[in-house]
Amino acid sequence: MHIPHYNIVLDPKDLTLNDAFNFKCYKGIVCFNKCCYDVKLILTPYDFLRLRTHLGMTTEEFVEKYAEVYIGEVTQLPTVSVNMLPIDYACPFLDKEEGCKVYPARPSSCRFYPLVRYFAVLENGERVEVFKIWRETHCKGHYENRPITVQNYLEEQGLIPNYIYFNDLWGEIVSQRQKIKDIPLTGDLLEEIFLLAYDLDTLKEVIKEDGHPAFTKGDAELPAEKLLEKGLIYIRDELLKEENFRF
């Protein structure tokens with residue numbers, strides 16, 4: 001079954017954490033699994049770490065079996081996205097009867113649905129968190145009588161604290177890249193960003209054998225999430241520092 005994603009509408013109303021909306025997805029709803037077809041499922045570094053760890057796979061194994069790596073058209077940074085199955089465009093992690101086979105480690109875009117989260121800048125320069133409802137014509141979860149606040153939905157979906165924290169950190173890297181968007185990054189720099197953001201197994205070996213300016217030797221034994229955090233901060237604060245690209 002191929003479900004094209006068209007007629008996507010964002011509700012005009014902005015929501016805060018305390019605002020409520022109606023939504024419920026469950027096995028048995030008429031549209032169950034329809035959102036798991038023909039999607040561009042981009043994985044943030046934290047999504048990627050959680051998913052491949054859940055599957056017990058290395059970066060190389062996961063990419064070879066499930067994904068592709070490319071330079072994002074908008075971000076101009078290394079990007080990983082999941083390949084849909086060629087026959088019916090289904091997500092490779094979908095069980096058509098039971099639902100998501102990797103549900104405990106599902107990506108943040110799946111967790112957020114039907115919310116869209118972004119930041120708006122007020123007239124006084126303050127940056128505020130805003131949410132909108134994303135509606136697709138095939139989704140009937142919007143008509144379920146289950147009011148829930150945005151805050152409670154984020155907690156229910158496991159987005160707080162780590163998914164949002166790490167994705168915001170990656171968002172800061174994307175913003176930093178946009179400040180120098182007219183300057184191409186070298187192949188070596190792009191490989192270094194991929195190493196720090198996605199290929200943590202190789203990064204650990206690099207730290208052990210050759211050392212790395214962002215880490216001490218002992219950091220090779222850090223938990224993966226802490227290693228990722230330090231790597232992302234190094235990309236943001238050092239590798240993509242504007243001063244490095246001034247001629």
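The values are calculated or read from the model by the stated rules, or taken from the named source; none is laboratory data. Keep in mind the model is a prediction, meaning the values are calculated, not measured. Cβ placement follows ideal geometry from the backbone for every residue including glycine, while neighbour counts extend to all protein chains displayed.
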Return yes or no: is residue 79 in contact with a Lys or Arg (Cβ under 8 Å, 6 or more places away or on another chain), at pLDDT 95 or above, buried (at least 18 other Cβ atoms within 10 Å of the Cβ) and of a type in the set (S, T, N, Q)? no
Please specify each residue of the stretch 133-166 satisfying the condition of being without any contact (Cβ under 8 Å) to a residue 24 or more places away in the chain and over 18 Å from the mean Cα position of the chain (by Cα). 152
Considering the stretch 75-95 alone, what residues qualify as being part of a loop (DSSP other than H, G, I, E, B), touching a residue at least 12 places away in the same chain (Cβ under 8 Å) and of a type in the set (Val, Ile, Thr)? 75
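Can you say whether residue 235 is in contact with a strand residue (DSSP E or B) (Cβ under 6 Å, 6 or more places away or on another chain) and assigned to a helix (DSSP H, G or I), as far as the supplied structure shows?
Working: in contact with a strand residue (DSSP E or B) (Cβ under 6 Å, 6 or more places away or on another chain): no; assigned to a helix (DSSP H, G or I): yes.
For residue 235, the condition - in contact with a strand residue (DSSP E or B) (Cβ under 6 Å, 6 or more places away or on another chain) and assigned to a helix (DSSP H, G or I) - is not met.
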Residue 127 - would you say it is under 30 Å from residue 18 (Cβ atoms) and surrounded by 11 or more Cβ atoms within 10 Å (Cβ to Cβ)? no
Pairs under 6 Å by beta carbon, first residue farther than 15 Å from residue 45 by Cα in the stretch 214-226, partner in a helix (DSSP H, G or I) and among the basic types (Lys, Arg), six or more apart or different chains? 220/204; 220/208
So which residues in the stretch 42-64 are surrounded by fewer than 21 Cβ atoms within 10 Å (Cβ to Cβ) and either of a type in the set (S, T, N, Q) or in contact with a Ser or Thr (Cβ under 8 Å, 6 or more places away or on another chain) (or both), if there are any at all? 42, 53, 58
Since residue 105 meets every condition but one in (1) farther than 25 Å from residue 55 by Cβ; (2) surrounded by 13 or more Cβ atoms within 10 Å (Cβ to Cβ), which condition does it not meet? (1)
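Could you run through the stretch 46-60 and say how many residues are assigned to a loop (DSSP other than H, G, I, E, B) and without any contact (Cβ under 8 Å) to a residue 60 or more places away in the chain?
Filtering the stretch 46-60 for residues assigned to a loop (DSSP other than H, G, I, E, B) gives 56-58.
Filter once more, so that each one left must be without any contact (Cβ under 8 Å) to a residue 60 or more places away in the chain: 56-57.
Here the count works out to 2.
From the list 154, 196, 203, which residue is touching a Lys or Arg at 6+ places or on another chain (Cβ under 9 Å), modelled with pLDDT of 95 or more and farther than 30 Å from residue 20 by Cα? Please lay out each step first, then the result.
Details: 154 fails: farther than 30 Å from residue 20 by Cα; 203 fails: touching a Lys or Arg at 6+ places or on another chain (Cβ under 9 Å).
Only one candidate passes the filter, namely 196.
Filter the stretch 167-186 down to the residues that are acidic (Asp, Glu) and free of Cβ contacts under 8 Å to residues at least 60 places away in the same chain, then identify the one that is farthest from residue 232 (Cα to Cα).
Our first condition is that a residue be acidic (Asp, Glu); within the stretch 167-186, this holds for 168, 172, 182.
Keeping just the survivors that are free of Cβ contacts under 8 Å to residues at least 60 places away in the same chain gives 168, 182.
On the way: 168: 11, 182: 22 Å.
That would be 182.
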